[in-house]
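Readers should treat all values here as calculations from the given coordinates under stated rules, not as data from a laboratory. Keep in mind it's a predicted model, so treat the numbers as computed, not measured. Please note: Cβ atoms are built from the backbone with ideal geometry, for glycine as well, and neighbour counts cover all protein chains shown.
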Amino acid sequence: MRSVVGREPMEGAKGPWGMRKARRGVSCAFGLALFTAGCAALPETTAEAPALPSAYAAADVPLARRDTVHWWRTFRDPALKRLVDQAMGQNLSVAQARARLTAARAQAAAANTLFLPTAGAGGTAIATTNPSETDDPLRRPLMAGFDMSWDVGLFGLAENANRSATASAAIVAADLESVQISVTAEVARAYIMLRAVQQQQVIARAALEARRKRSDLVQTRIRTGLAALGEEAEAALALAEAKAELADLDARAASLRLQIATLLGSATPDPALETAGPQPLPAEGLPASRPADLLRARPDVRAAEQRVLRASAEAGIALSDLYPKLRLVGTIGAGAPFTNSAFGVAGGPVLQIPLLDYGRREANLTARKAQVEEAEAAYRQTVLDAYKEASDALAALSASRKAVTGQKAAVAAAAQTERSARVLSGEGLADRARLWEAEAALLDRRRRLVQAQQVEAVALVALYKALGGAAPVAGRE
């Protein structure tokens, strides 16, 4: 194969002088590119977080190790683990986020090849009425060959394009983790509330039975003429309220089962959840974590940081647009008809120099720099919001545990009162109405305790989300 560049490069540039002229053009292009490259340096921006206190606001508890994988084990509930595992594999929001991450990673991988040499093959056949042969194989009616090109990513263009694509993929990865955290928390929250409602249903049925007994007693007292004025209406109202409360709890339980099914990517509730189960309770001890952990754990904080890096990279790309662009092209071809040789080689640099655009490139650079400042402010605000959310969640958990302690004491006192009333009723020293009132008061206190424990468990789930999907668990190694 003989080279067209070495023998007859192109029309108007033949022989040794033409070859020297082509080489001189390449050298000038590279020299201009290297000379201006030093002028196109934009400092790489790093996201700086605002200063945070050494401890959370209103936190007066020791630090604890954080469980980043199986945080729900603190509830010691196998059914919850099964539901979370199913949600991670079946939830449609998680599936969408995974697909977005696959697409983003593919685009990032493609971006890494934008400034690598490329090659392609092609051929053309052009009908002509001119039967004459030509010495240029690249201008013949029948041609086939290989084309090669290389966009040289000067002035930080290649580096910034890679940085932007990598940051975009990292943002999508953080979004996937955020969706997984939200889905896990929603499954846990719905399950906790379902079990609490089921426990309240048990209590409500017992309360309804007590109201019926009282209503029967009132009817007996009416027949014997011993009932007080308005006693029948009061008993009827209490019975109606108990029935309404039970109906409301039944509706809430059905809604929560459907909510869990939706989170699992199904329209059919799990039959296993129709049977009442024990109420999941968190482990004893009040967990805590350092505010700095937010920067390592919360996906929204990491995504905000990556947005700063992406905005900085895009500003670097806008800056590189102010400077020349260099492309190296080449062709190896064969054509017919021919006289001396069927093969030819051609190639050289293509230099694009921006001269007049009425300030569009400068305006784009100014806009990109402003977007960097916006991303930095958004990052700092995200960190502050994360700190506040974690502080509020920790304070809510602390308050809920104090409420549970108070309700446990109230249940113990009501149980003692109920036992005393039962003894007195058995000895004939008190009527049945007093015993039923004590039983009703005990059931009410048990209901309040169930609600308080539900609030405590849900508060721990909220803390799990606030700490970026890593719930602190005390007393584990």
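Observations on the model:
- Greater than 31 Å apart at Cα, pairs in Lys81/Lys388; Lys325/Lys369; Lys408/Lys465; Lys81/Lys213: Lys81/Lys213
- What you get for region 150-250, charging only the Cβ of Lys and Arg (+1) and of Asp and Glu (-1), is a dipole of about 700 debye around the Cα centre.
- Relative packing of peptides 103-116, 366-379 - highest average C-beta neighbours within 10 Å first: 366-379, 103-116
- The phi torsions of region 380-393, fed into the Karplus equation with coefficients 6.51, -1.76 and 1.60 and a -60° offset, translate into couplings of 5, 5, 4, 5, 5, 5, 5, 5, 5, 4, 5, 5, 5, 5 Hz, rounded to whole numbers, with Gly and Pro shown as x.
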